[in-house]
Structure formats: structure tokens, C-alpha cells
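Participant: A single structure is presented below for examination.
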Amino acid sequence: MNKEQLFEQIQQKKSFLCIGLDPVLGKLPKHLLKYNDPILEFNKQLIDATHDLCVAYKPNTAFYESRGVKGWETLVNTWTHFPKDVFTIADAKRGDIGNTSAMYAEAFFNEESSAMSFDSVTVAPYMGKDSVSPFLNHPNKWVILLALTSNAGSQDFQAKQSDNQKLYEQVITTSQHWATSDQLMYVVGATKAEEFQNIRQLAPDHFLLVPGVGAQGGSLSAVCQYGLNSQCGLLVNAARSIIYASNGLDFAEKAREEALLLQQEMEQILKAADLI
């Protein structure tokens, strides 16, 4: 899915919601435990209940890898269940020397070898260009580069000043020499809303993946005040507030209700910005 197609989905669904699929077996509704793969059933019912309200899904691969071979099979089968009109993000936070990154890219982008072909993957930039380039060598695939994350520890390195720039600012400005806004996005946490004006000056045309709305307390309106651009330019992620809205038989229905609240707020924001 290219940038124009992504914006078309945002306009059609009146939403820039991304739903994080980060399931923990112990938190699943008990009635799902009768299934051979309870996590897959959980994901499938969530997807079926919400796909018309969101434009992207983001499974965090750690929640699947932690379960070994079975967890990897769950990830593959979850990817298979995604509708074709949603943008898919493998939240893997990979990044290593070139030949290793090339194999990571194969794992998430090459359906022939891995049975999955996500639209994008999150990548850590701190080993430099040669660790990111292998992901960019796949046509029509996206790199979502970690820039300014939502966790408290982001201040340890990302906000440190060097040569009159914060480290995350250097990541954004340097990486724009590696790819255009048609293939490169940035992760910017919603809990860092005060930085969005600065980030938009550095990267006016790029999409930003924004975690931290919902359970982490980030403000959607604060993010949009400075984060929106002429093609929306935002994918705002919510995970726990949606997928764990209920742990009963009605978990998918309650998840839809939470997703609908965000979609309706996003619709009003898009209308106010004359984007729909």
C-alpha cells in the first residue's frame, strides 16, 4: 500500500486508527481457551469486529515470538486474516548489520519464504544506514523508524543534545537521505505531544506512527494539533484500551465500541482539517 492508497483508506473510513494486537494468553477471555489457538481466535474476532473502523493493524511480534513455534504460526495466521484494505505493521523493532537485516526483511516482507508479507516493519536506526537499507530494498514496503518513543526511558538517549540537535532530530534529518516519504515513516510517541510541532518542521510530508493514545494516556487532540499534514500523516495506535475492553463473551463487541469512539473523534478532526 503506497501513501496515496493509505490516504484514500483514511478518507473512506474517516479514521487514522491503528489497532495494536498484543495479546497475552493470561488476559484472554476464558471462553476462548477451548480453541486450539486461543490467541488466533482472539485476534480474528477483534479484526472482524473492527476492520471497518481502522486503517491499520500492528501486531507486536514479541507477543508471538515469546510462544515459540506456535506463536510464530499464530502471527502468520493472523497476517493471513487481515483484510486487504488495511495497512499492516510488523512491530518488530529490528535492526542489525546488513546481511542480518536482509534476513529480517525477508521474514516480514517475503511471503514466499516466510508466509507473511507485511506492508511495513518498525526498525531501530542506531546502527546506521547499512542496517536500515536492506528493508528499503523491498519495493512497495515501508520502514517505520524509531524516532521519539513514548516510554520514560526515551529521555536517556533520544533527547540528548549533540551538535545543537537532539538525537531523535538527527535520526529524522539524516534518515531522509536514505528514502523518501513514500517509503519511510517515523515512530513518535503520543506522550511527547509537545514535540510534534518541531517534528513536523523536520519531516512535513512523512507519516508518523503514534503509539501511546489510550492506556498510556496520550492525547489525540494534542497530537493532531501539530501532527496532521495535508494527507493526514498520522497513524494513531491504540492497543490495550481496545483489545482488553472486556474479558467476557462480549470482548469483541466492547472492542468495537472503544474503536468506534476513537474513529468518531478522528472523523471530527479530519472534517475540521478539511481532509474529508
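The values are calculated or read from the model by the stated rules, or taken from the named source; none is laboratory data. On a predicted model such as this, the values are computed, not experimentally measured, just so you know. Don't worry about glycine lacking a Cβ; one is built from the backbone with ideal geometry, like all the others, and counts go over all protein chains shown. Only protein heavy atoms, including side chains, enter the accessible area calculation; ligands, DNA and RNA are left aside. Shrake-Rupley method; radii C 1.70, N 1.55, O 1.52, S 1.80 Å.
Participant: Rounded, prolate or oblate: which one fits the chain, using the alpha carbon gyration tensor with axes a ≥ b ≥ c (rounded when a/c is under 1.5, else prolate when a/b beats b/c, else oblate)?
Facilitator: Oblate, since a/c reaches 1.5 and b/c is not below a/b.
Participant: Moving on to the next point. Please go through the residue pairs Lys58/Lys129; Lys166/Lys192; Lys3/Lys192; Lys141/Lys192; Lys84/Lys141 and name each one whose alpha carbons sit more than 21 Å apart in this structure.
Facilitator: Checking Cα-Cα distances, Lys58/Lys129; Lys3/Lys192; Lys141/Lys192 exceed 21 Å.
Participant: Also, I was wondering about something else. Which of rounded, prolate or oblate describes the stretch 1-111 when judged by the alpha-carbon gyration tensor and an a/c cut-off of 1.5?
Facilitator: oblate
Participant: Now, a different point. Is there a quick way to get the dipole size of the chain? I mean about its Cα centre, with the Cβ of Lys and Arg at +1 and of Asp and Glu at -1; what is the value in debye to the nearest 20?
Facilitator: Once rounded to the nearest 20, the dipole reads 460 debye.
Participant: Report the trypsin sites (Lys or Arg not before Pro) located in the stretch 30-99 that are in a DSSP loop and have at most 11 other Cβ atoms inside 10 Å of their Cβ, or state none.
Facilitator: Lys84
Participant: Scan around Met185 for amide H atoms under 5 Å from its own, H built in the peptide plane at 1.01 Å from N, and keep only partners 5 or more places away or cross-chain.
Facilitator: Val143, Ile144, Leu145
Participant: List the relative contact order of the chain as a percent without decimals, with contacts defined as Cα pairs under 8 Å and 6+ residues apart.
Facilitator: Normalised by residue count, the contact order of the chain is 21 percent.
Participant: Among Val143, Leu167, Val76, whose Cα sits farthest toward the positive end of the charge dipole of the stretch 71-220 (+1 at Cβ of Lys/Arg, -1 at Cβ of Asp/Glu, about the Cα centre)?
Facilitator: After comparing all options, I get Leu167.
Participant: Leu32 accessible area, nearest 10 Å², 1.4 Å probe?
Facilitator: 0
Participant: Using only helices, what value at 222 nm comes out for the chain when you add -39,500 (n - 2.57) per DSSP H run of length 4 or more and divide by the total residues, to the nearest 500 deg cm²/dmol?
Facilitator: Here the helix-only value at 222 nm equals -12000 deg cm²/dmol.
Participant: While we're on this one: Take the alpha carbon gyration tensor of the stretch 109-267, find the square roots of its eigenvalues, order them as a ≥ b ≥ c, and report rounded if a/c is under 1.5; if not, report prolate when a/b exceeds b/c, else oblate.
Facilitator: oblate
Participant: For the stretch 58-99, what is the accessible area per residue in Å² when the probe is 1.4 Å?
Facilitator: Value for the stretch 58-99: 44 Å² per residue.
Participant: Here's a follow-up. List every residue whose amide H lies under 5 Å from the amide H of Leu21, counting only residues 5 or more places away in sequence or on a different chain, with H placed 1.01 Å from N in the peptide plane.
Facilitator: Close amide H contacts, sequence-distant or interchain: Lys58, Asn60.
Participant: Averaging sequence separations of C-alpha pairs under 8 Å and six or more residues apart, then dividing by the length of the stretch 183-267, give the relative contact order as a whole percent.
Facilitator: Relative contact order for the stretch 183-267 comes out at 25 percent.
Participant: Cross-link candidates for Lys34: which lysines have Cα within less than 19 Å, leaving aside residues fewer than 8 places away along the same chain?
Facilitator: Here the lysines satisfying the reach criterion relative to Lys34 are Lys44, Lys70.
Participant: Tell me, what ³J(HN,Hα) does each residue in the stretch 263-274 have, in order and in whole Hz, if you take phi through Karplus 6.51 cos²θ - 1.76 cosθ + 1.60 with θ = phi - 60° and put x for Gly and Pro?
Facilitator: 4, 5, 5, 5, 4, 5, 5, 5, 5, 5, 8, 6
Participant: Further, regarding this structure: Which residue fluctuates most in the GNM of the chain (Cα springs below 10 Å): Ala203, Ala105, Ala190?
Facilitator: Ala203
Participant: Per-residue HN-Hα couplings for the stretch 17-27, Karplus 6.51 cos²θ - 1.76 cosθ + 1.60 at θ = phi - 60°, whole Hz, x for Gly and Pro?
Facilitator: 7, 10, 10, x, 9, 10, x, 10, 3, x, 9
Participant: Please find, in a Gaussian network model of the chain (springs between Cα atoms separated by less than 10 Å), the residue of Gly128, Gly71, Gly26 whose mean-square fluctuation is greatest.
Facilitator: Looking only at Gly128, Gly71, Gly26, the largest GNM fluctuation is found for Gly26.
Participant: Just Leu46, Leu167, Leu234 to compare: in a GNM of the chain, with alpha carbon springs under 10 Å, which one fluctuates most?
Facilitator: Leu167
Participant: Could you work out what % of the accessible surface of the chain is carbon and sulfur, using a 1.4 angstrom probe and leaving DNA, RNA and ligands out of the count?
Facilitator: 49
Participant: Output ³J(HN,Hα) for the stretch 225-232: one whole-Hz value per residue in order, computed from phi by the Karplus curve 6.51 cos²θ - 1.76 cosθ + 1.60 with θ = phi - 60°, and x for Gly and Pro.
Facilitator: 3, 10, x, 5, 10, 5, 10, 6
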